[in-house]
């Protein structure tokens, strides 16, 4: 092969990669999403209750960062109560 053919193959490969790098994401983003997950307020309340339990379990009185964990646990508790009330407003069965 001469140098012209070698350069032509290199330019063609680069052009193919460049076009493919733009076309492939565009095609995947244009496809409709079939995987949908419905997250309800009760699910969010359960999540925040688990986070609250996690922070309370890590909290020790004799450590310096215990106040931060206490604050995070209280925040999660109040968020859980908010989502629990929202779940009851939508007519969902209460979870225990």
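Structure notes:
- Extension gain (nm, one decimal) between residue 68 and residue 54, 0.36 nm per residue minus Cα-Cα: 3.7 nm
- Two-site FRET efficiency, residue 11 against residue 37, from Cβ-Cβ distance with R₀ of 35 Å, rounded to 0.05: 0.20
- Annotation: the residues 66, 21, sorted from fewest to most other C-beta atoms within 10 Å of their own C-beta, follow the order 21, 66.
- Taking the number of Cβ atoms within 10 Å of each Cβ as an exposure proxy, the fewest-first ranking of 60, 3 is 3, 60.
- Calculated P(r) tail over 11 Å for region 41-89, as whole % of Cα pairs: 61 percent
- Residue order, fewest to most surrounding Cβ atoms within 10 angstrom, among 77, 48, 22: 22, 77, 48
The numbers here are math on the coordinates, done by the rules we state, and not lab data. As the structure is a computational prediction, the values presented were derived from the model and not from experiment. No Cβ is skipped: glycine too gets one built from the backbone with ideal geometry, and neighbour counts run over all protein chains shown.
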